[in-house]
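> The structure that follows is given in the form of structure tokens.
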Amino acid sequence: MQESLVRLTRQLSFLVEVDKLKQVLRQTSLIDGSRRENSAEHSWHIALMALVLAEHAGAVVNLHHVLVMLLVHDIVEVDAGDTFAFDIQANATKAEREQLAAARIFSLLPEEQGKLLRSAWDEFEAGVTAEARFANALDRLAGLLSNQHNDGGTWRRHHVSREAVLRRMEPIREGAPGLWPFVMQVVDEAAASGALGA
């Protein structure tokens, strides 16, 4: 009985700790532009996107595994914060900050659960499996949708170039190729409207 209580205590500790993800604000606004989204909202939204858009994956994927990756992919931001995709300086230290955060946060869980979720996080970061490629594609698509519906949003605010956005969106081409024509349409329209630089 004592062992099961220790296990539950660790599981609840982890869940309380990751609740802090609701406080991590991202650069991206909600689609209605009313405020910045937090990382927990982002994770929920792209998990739902996986359910809805699974038919557009570049290969047959294990949807449950994709959902696990999407639910844990930003947990490290509890410690590391959100790193804006187009901030070159902040991205230079991102990997190191996130590795330290992953080591601490996943270790709060019972060992086998911590290893399982850490493995899913590592897989997402590596982006090698079909599931990770699809998950990464959806992560990129979320920002594209927000900027499309916010008159260029962070692209316009930070003077991001068309070329930089296409580089950022590249995982969609492989991970969800059925969505690539839509990506190109949005990017071309944003460039034409002046939301993206040359």
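The values are calculated or read from the model by the stated rules, or taken from the named source; none is laboratory data. This structure is a prediction, so every number in the text was calculated from the model and none was measured. Positions of Cβ are generated from backbone atoms using ideal geometry, with glycine treated the same way; all protein chains shown enter the neighbour counts.
> Of the numbered conditions (1) free of Cβ contacts under 8 Å to residues at least 60 places away in the same chain; (2) over 17 Å from Val18 (Cβ atoms); (3) assigned to a helix (DSSP H, G or I), Leu100 satisfies every one except a single condition; which is it?
Going through (1) free of Cβ contacts under 8 Å to residues at least 60 places away in the same chain; (2) over 17 Å from Val18 (Cβ atoms); (3) assigned to a helix (DSSP H, G or I) one by one, Leu100 breaks only (2).
> Which condition breaks for Lys115 when tested against (1) assigned to a helix (DSSP H, G or I); (2) under 16 Å from the mean Cα position of the chain (by Cα)?
Unmet for Lys115, out of (1) assigned to a helix (DSSP H, G or I); (2) under 16 Å from the mean Cα position of the chain (by Cα): (2).
> If I ask for residues that are surrounded by 14 or more Cβ atoms within 10 Å (Cβ to Cβ), of a type outside the set (A, V, I, L, M, F, W, C) and more than 27 Å from Ala57 (Cα to Cα), which ones from region 170-198 would you list?
Once the filter is applied, which keeps residues that are surrounded by 14 or more Cβ atoms within 10 Å (Cβ to Cβ), of a type outside the set (A, V, I, L, M, F, W, C) and more than 27 Å from Ala57 (Cα to Cα), region 170-198 yields only Gly197.
> Also: Condition first: among the charged types (D, E, K, R) and touching a helix residue (DSSP H, G or I) at 6+ places or on another chain (Cβ under 7 Å). Now tell me which residues in region 95-121 satisfy that. Steps first, answer last, please.
Quick first cut of region 95-121, residues among the charged types (D, E, K, R) only: 96-98, 104, 111-112, 115, 118.
Those that are among the charged types (D, E, K, R) and touching a helix residue (DSSP H, G or I) at 6+ places or on another chain (Cβ under 7 Å): Arg97, Glu98, Arg104, Arg118.
> Moving on to the next point. So how many residues does region 19-38 have that are touching a residue at least 60 places away in the same chain (Cβ under 8 Å) and under 15 Å from the mean Cα position of the chain (by Cα)?
The number of residues fulfilling the criteria is 5.
> Mind listing whichever residues of region 95-121 are surrounded by fewer than 16 Cβ atoms within 10 Å (Cβ to Cβ) and under 25 Å from Phe134 (Cα atoms)?
Within region 95-121, Ala95, Glu96, Gln99, Ala103, Gln113, Lys115, Leu116, Ser119 qualify.
> While we're on this one: With the requirement that a residue be buried (at least 19 other Cβ atoms within 10 Å of the Cβ) and either free of Cβ contacts under 8 Å to residues at least 12 places away in the same chain or over 16 Å from the mean Cα position of the chain (by Cα) (or both), what does region 59-82 give you?
Within region 59-82, just Val61 meets the criteria.
> For His56, all conditions in the list (1) in contact with a Gly (Cβ under 6 Å, 6 or more places away or on another chain); (2) without any contact (Cβ under 8 Å) to a residue 60 or more places away in the chain hold save one; what is the number of the exception?
(2)
> Show the residue pairs meeting these rules: Cβ distance below 6 Å; 6+ apart or different chains; first residue within region 173-190 and of a type in the set (D, E, K, R); second residue surrounded by 16 or more Cβ atoms within 10 Å (Cβ to Cβ) and at pLDDT 95 or above.
Arg173/Trp180; Glu174/Arg133
> Tell me, yes or no, whether region 132-145 has at least one residue that is in contact with a His (Cβ under 6 Å, 6 or more places away or on another chain), of a type in the set (D, E, K, R), over 16 Å from Val76 (Cβ atoms) and buried (at least 21 other Cβ atoms within 10 Å of the Cβ).
no
> Mind counting the residues in region 85-102 that are under 24 Å from Leu166 (Cα atoms), within 16 Å of the chain's Cα centre (by Cα) and hydrophobic (A, V, I, L, M, F, W, C)?
Number satisfying all stated conditions: 3.
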